[in-house]
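Comments concern the structure below.
The values are calculated or read from the model by the stated rules, or taken from the named source; none is laboratory data. In this text, all values refer to a predicted model and were calculated from it rather than measured experimentally. Glycine gets a Cβ as well: all are built from the backbone with ideal geometry, and neighbour counts include every protein chain shown.
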Amino acid sequence: MYGITTYKKNGYDPFKDFKALQKAFFNDENNAGIKTDIRDTGDSYVIDAELPGYKKEEINVDVKDDILTISAEKHTENNEEEKNGYIRRERYYGSVSRSFNISEVEAASITAKHENGVLTLTLPKKKEQIPQSHKIEIN
């Protein structure tokens, strides 16, 4: 009788595709922390990035080599001493990050605003370069 073990010994894994699908669905490392919506408004792209619980000061937006990176980091502590009526306070520590290729964007003109846990970035598109004609001299 052929069992799963026999199939794997022969180099065949009948669950290989299922495992890849499961990993992509449940453990997508590319967007696990920051959910985004991206809109094309014609002359620009608008990214709405959900960052609930993060203050403006905890969010960074950087551009390097046509890659835009949104990151946020939160530092909080467990505090068991009584202060302001609290008996115990538990908080979160962690960071999230997401990157985008912005080679079609005027990076110097990107604007950002943060409101109600949503970071909104407006990324103006590069103007299409129309090739200039010029005369070539013949030697």
Review point. What number of residues within region 35-49 are of a type in the set (Asp, Glu) and in contact with a Pro (Cβ under 7 Å, 6 or more places away or on another chain)?
Key: 1
Revision key, fill the gap. Filtering region 104-139 for residues that are surrounded by fewer than 10 Cβ atoms within 10 Å (Cβ to Cβ) and either at positive phi or of a type outside the set (D, E, K, R) (or both) leaves a count of 11
Review point. How many residues does region 101-120 hold that are under 17 Å from Ser44 (Cβ atoms) and either of a type outside the set (A, V, I, L, M, F, W, C) or outside the structural domain of Asp66 (by TED's automatic domain parsing) (or both)?
Key: 8
